[in-house]
Amino acid sequence: MVIKTREKLIDVARQLFAHKGIENTTMNDIATASDKGRRTIYTYFKNKREIYNAVIERESEQLVSRLREVVNMEIPPVEKLEKFLLLRFEIIKDAIVRHDSLLSFFTWDLRRVDRIRRLASAKEDEILNAILVDGVKQGVFRAEQAKMAPTLINTLMQGVDFLFFRDNPDGVDVNKEQTRDYTVNLS
């Protein structure tokens, strides 16, 4: 029951933040929308900032939870890396469609976007490292490549995320599908 109530408060807060903005959302708004009293909210969260941090953590976790499944697949490391990249593209595309109002809210505040990105990037690095270490053990990847690859891949994906968020800004002659295909097709 405790986890369910906390999760409901996070969901309600996320929706209100997306619709009204953080500054315009009050603890009373969250209490009313969740059918809980303010005292209940303060049992789980000290203040609005703490609820917001929980929303950010959840958003970053949702971005990477599906990626974790790739590590356990019984396929060669190159295929795992390709699947990771394909899935990463799919997740961003889905996130934009699913959370259009929330993402439009985030695009106005780069600090918020950056916090989610940093949390997600750290988690993605762990997944990439597991894939790359496996590839090094199998002799498919070189150790020096594997050491730098997570940073380089995350940097590349941040640029790709920008293209997806901005729907191909001016001066970029590659569409989303081409970007995905050029990035993923490693062999």
query: What number of residues in the stretch 88-129 are at pLDDT 80 or above and more than 13 Å from Asp161 (Cα to Cα)?
result: 8
message: Suppose we filter Gly135, Gly159, Gly139 for residues that are of a type outside the set (D, E, K, R), part of a helix (DSSP H, G or I) and at pLDDT 80 or above; which single one remains?
response: Gly135
- request: Among residues belonging to the stretch 35-68 that are polar (S, T, N, Q) and either assigned to a helix (DSSP H, G or I) or modelled with pLDDT under 90 (or both), point out the one that is surrounded by the fewest Cβ atoms within 10 Å (Cβ to Cβ).
  value: Ser65
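Surrounded by fewer than 13 Cβ atoms within 10 Å (Cβ to Cβ) and at pLDDT below 80: does that describe Asp167? Before you say what the answer is, go through the steps one by one.
Working: surrounded by fewer than 13 Cβ atoms within 10 Å (Cβ to Cβ): yes; at pLDDT below 80: yes.
Yes: the conditions hold for Asp167.
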- request: For Phe17, work out the one condition from (1) touching a residue at least 40 places away in the same chain (Cβ under 8 Å); (2) more than 25 Å from Arg117 (Cα to Cα); (3) not assigned by TED's automatic domain parsing to the domain that holds Gln158 it doesn't fulfil.
  value: (2)
In the stretch 21-45, the residues that are under 26 Å from the mean Cα position of the chain (by Cα) and among the hydroxyl-bearing types (Ser, Thr, Tyr): Thr25, Thr26, Ser34, Tyr44
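The values are calculated or read from the model by the stated rules, or taken from the named source; none is laboratory data. The structure displayed is predicted, hence computed values, not measured ones. Neighbour counts are summed over all protein chains in view; Cβ atoms, including those assigned to glycine, are modelled from backbone coordinates with ideal geometry.
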